[in-house]
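> Before we start, here is the structure in question, set down as structure tokens.
The values are calculated or read from the model by the stated rules, or taken from the named source; none is laboratory data. Keep in mind the model is a prediction, meaning the values are calculated, not measured. Note: ideal-geometry Cβ built from the backbone for every residue, glycine included; neighbour counts use all protein chains shown. Side chains included, ligands, DNA and RNA excluded: accessible areas come from the protein's heavy atoms. Shrake-Rupley method; radii C 1.70, N 1.55, O 1.52, S 1.80 Å.
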Amino acid sequence: ELGRVFAGEGYELHLVGGPVRDAVLRRRVSDLDFTTDARPEATEAILRGCCQTVWTTGADFGTIGGLFRGEQVEVTTFRADAYDRVGRNPIVRYGDSLEDDLQRRDFTVNAMAVSVPGHEFCDPFGGLGDIARRTIRTPAAPESSFADDPLRMLRAARFAAQLGFAVEPATLDAMRRMAPELSRITAERIRDEFVKLMLAPDPVVGLRLLVDTGLAAQFLPELPDLRMEIDEHAQHKDVYEHSLQVLRNAIALETDGPDLLLRIAALLHDIGKPETKEVAAGGGVSFHHHDVAGARLARRRMRELKFPKADVQAVSLLISLHLRFYGYGEGDEAGWTDSAVRRYVTDAGEQLDRLHVLVRSDCTTRNRRKAERLARDYDAFEERIARLRAAEDLRAV
Ligand code: ATP
């Protein structure tokens, strides 16, 4: 229908990017993104004539949004981006054709379009084949694509996590080589991609990519640092693998959809360990106050990434309480959490039900009294977060 309106005015309209990819994958299509040869002013005039609401917040990037018959649509003028390799944001330049527009897109699976109303399918870079092979690949040479916009490297990891795809070897190689270029990207853009990655069905896939390519070292160096040497201290678990497992446990326990802050806290709960590691004369390892150190490190990184204050506080508190994720499924190693505490909390049941989360994990936690105290800590924690949230909401208003 919208296509007919544009055609009536003499313009092309194509469904493009995410919705085409998701339709092919039979995933739920959320936003309808279109691309057109109409300039933003013309697009705005057309949408004003046929949409209930129109918004122009993206007009600087050539995007006009609207509510068309109850569906959210965004229409962007064909683009052919130019990049300022020193500066931090793409420079907007309009393209002459659909091909120009698809060429500047990040991955082949995102560079497909369907014309409306004609339903002509346009896939110049083999996106369909890459979907069949479950592969993330850049349309052009990956190195120059990442030089144009280094954020695409994070997006590759994000899509791998969201779609469960693998990154094609040449693209992956380029990510390894180009990882330091991420320093040209603003904290906000990095944060937004990191958040999307963390909210994916399996963030661990994306996190491994970030760590293995050296991208994580650029904005969250504590994560690769968790791979501290373990062999010489055989009794100590692998903190990196353990952290990823705790994240997966936390995800398995989500009942109300993805919980970003719990996921971040799960991933980072042990980041104070490398800094606080001490090897005793007999070869035993200790990590005194790694919860405090971890909370401090998490606060620092999250502030750098410009997370809202309440989010920084919530993650910091979760780490300092050193909450351990509870509800290990069958076959999970006992011993991650003191089993007596686990049993107590399972019995105490109801009050902790909504938490899914429990208590300190350090090995000295062995008794019921401590579990009780920690359960109280958690209530205090929830209250505090609720207050922080309310304060933040008020400020926003
Ligand atoms: P989601 O809506 O879940 O974030 P999406 O695929 O719609 O997924 P967006 O980030 O909204 O992703 O981007 C929309 C489209 O714009 C992408 O499909 C891609 O074609 C293009 N795109 C977005 N960011 C970039 C970028 N940095 N470089 C090149 N193309 C991009």
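> Return the long-range amide H neighbours of MET112 (sequence gap of 5 or more, or a different chain), with a cut-off of under 5 Å between placed amide H atoms.
So MET112 has HN proximity to GLY17.
> Take the Cβ-Cβ distance between GLU99 and ASP202 as r, set R0 to 25 Å, and report the resulting FRET efficiency rounded to the nearest 0.05.
My answer for the efficiency is 0.15.
> While we're looking at this one, here's another question. With the crude spin-label approximation of a point 7 Å out along Cα→Cβ, what separation in nm comes out for ARG4 versus MET228?
Each label point lies 7 Å from its Cα, and together they span 6.7 nm.
> How about the range 116-162: which trypsin sites (Lys or Arg not before Pro) there lie in a loop by DSSP and see at most 10 other Cβ atoms within 10 Å?
none
> Follow-up question, since we're still on this one. When only alpha-carbon atoms are used, what values of Rg and Dmax, in angstrom, describe the range 85-154?
Every Cα atom of the range 85-154 included, Rg and Dmax give 13.2, 41 Å.
> Here's a follow-up. What ranking do 273-282, 120-129, 6-15 get when scored by the average of other Cβ atoms within 10 Å per residue, highest first?
The packing order, highest mean first, is 6-15, 120-129, 273-282.
> Quick one: pull the percent of accessible area on the range 77-162 belonging to carbon and sulfur, 1.4 Å probe, ligands and nucleic acids left out.
Roughly 48 percent, rounded to a whole number.
> Next question, about the same structure. Can you give the accessible area of LEU210 in Å² (nearest 10), computed on protein heavy atoms with a 1.4 Å probe?
Roughly 0 Å² of LEU210 is accessible to a 1.4 Å probe.
> I've got another one for you. Report the extension gain between LEU25 and ALA147 in nm, rounded to one decimal, defined as 0.36 nm multiplied by the number of residues separating them, less their alpha carbon distance.
Using 0.36 nm per residue and subtracting the Cα-Cα distance, I get 41.0 nm.
> Let me ask another. Give me the number: length gained by fully extending GLU241 to ARG48, i.e. 0.36 nm times residue separation minus the C-alpha to C-alpha distance, one decimal in nm.
64.2 nm
> Could you work out the Rg to Rh ratio of the range 1-148, with Rh taken as the Kirkwood radius (inverse of the mean 1/r over all Cα pairs)?
Computed over Cα atoms, the ratio is 0.97.
> Next up: Along each principal axis of its Cα atoms, how long is the range 145-195 end to end? Whole angstroms, biggest number first, please.
Answer, in whole Å and largest first: 26, 23, 14 Å.
> Oh, and also: Short version: what are the Cα gyration tensor semi-axes of the range 28-114, square root of 5 times each eigenvalue, largest first, in whole Å?
For the range 28-114, the semi-axes come out at 23, 15, 12 Å.
> How would you rank 259-271, 179-191, 305-317, highest first, on the average number of other Cβ atoms within 10 Å across their residues?
My ranking of the peptides, most packed first, is 259-271, 305-317, 179-191.
> GLU12's amide H: which non-local residues (gap 5+, or another chain) put their own amide H closer than 5 Å, with H modeled 1.01 Å from N in plane and none for Pro or chain starts?
Long-range HN contacts for GLU12: ASP37, ALA38.
> Using alpha carbons only, how many angstrom separate the centre of the range 150-194 from the centre of the range 1-70?
So the separation of the two Cα centres works out to 27 Å.
> Determine the dipole magnitude for the range 116-260: charges of +1 sit on the beta-carbon of Lys and Arg, -1 on that of Asp and Glu, nothing else is charged, the reference point is the Cα centre, and the result goes in debye to the nearest 20.
Dipole size: approximately 240 debye.
> Would you mind estimating how fast the range 111-251 diffuses translationally, via Stokes-Einstein at 20 °C and 1.002 mPa s with the Kirkwood radius over Cα pairs, in µm²/s?
130
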